[in-house]
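This report refers to the structure that appears directly beneath it.
The values are calculated or read from the model by the stated rules, or taken from the named source; none is laboratory data. All values reported here derive from a predicted model rather than from experimental measurement. Note that we place each Cβ from the backbone using ideal geometry, even for glycine, and neighbour counts take in every protein chain shown.
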Amino acid sequence: MDSRNSIEVKGLAKRVADAGGELSILEDIDFTVEAGSAVAITGSSGSGKSTLLGLLAGLDVPSAGSVRLAGRDLFSLDEDGRAALRARHVGFVFQSFQLLPNLTALENVMLPLELAGRSAREDARAMLDRVGLGARLHHYPRTLSGGEQQRVSLARAFVVQPELLFADEPTGSLDAATGATVIDLMFAMHREHGATLVLVTHDPQLAARCERQLVLAGGRLAADGRA
């Protein structure tokens, strides 16, 4: 893989059995993503956006094709190997935040560092300061607003200094004003950290902020354009 590329996808397909035989969700997907770039995956509902993101992260296994992620052939690794690669190289931001309810904001951000056997508290505290939550360290998710929870999610994603950040509808659970604030912060941190950003979105304004848009239609790559 070219050292300038964080992701290289060749012939990627995902098919599942259904009552009619076999349902094709994705077919013949090919593209590369340059390191440090920001790419939006767009398309109508049911076009395969989230399925593609899950395959890029190794959270699902394809029916055909390959993904090279951070220099490794993702599906030559077993499930534990893929998990280890994600822990070293990847951060995630989800629409539903995915915070652990019994942990404070600080503890949620510390968790990926602790799992990696790294010093956690001060780095987590500094990252929560960076997202404007230095006064909310010891609050539990249920006491935080949606926008605050998503900022905790951003802090957790970036605290491991990932090479890659995958975001799945990161503003889908937020009102427009709060979503805009979170997106401004996400792009600022993307630039500061030099992480490659791949996000799934149905929001054309958010997609337009990326340097490139991959448009899915009927499970195939219908367009690969640069902003």
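Among the residues of the stretch 46-82, just one is at pLDDT below 90 and among the aliphatic types (A, V, I, L, M), namely 70. Taking the condition at pLDDT below 90 and over 23 Å from residue 191 (Cα atoms), does residue 115 pass? Judged against the criteria, residue 115 is a match.
Every test in (1) under 21 Å from residue 159 (Cα atoms); (2) modelled with pLDDT under 90; (3) surrounded by 14 or more Cβ atoms within 10 Å (Cβ to Cβ) is passed by residue 197 save one, and that test is (2).
Scanning the stretch 17-35 for residues that are modelled with pLDDT under 90 and part of a strand (DSSP E or B) returns 17, 18, 21, 22, 23. For residue 126, the conditions (1) surrounded by fewer than 22 Cβ atoms within 10 Å (Cβ to Cβ); (2) out of contact with any Asp or Glu (no Cβ under 7 Å at 6 or more places or on another chain); (3) farther than 18 Å from residue 193 by Cβ all hold with the exception of (3). Where strands (runs of 3 or more DSSP E) fall wholly inside the stretch 110-227, the ranges with 2 or more residues that are under 14 Å from the mean Cα position of the chain (by Cα) are 164-168, 196-200. Being part of a loop (DSSP other than H, G, I, E, B), buried (at least 21 other Cβ atoms within 10 Å of the Cβ) and free of Cβ contacts under 8 Å to residues at least 60 places away in the same chain is not true of residue 12.
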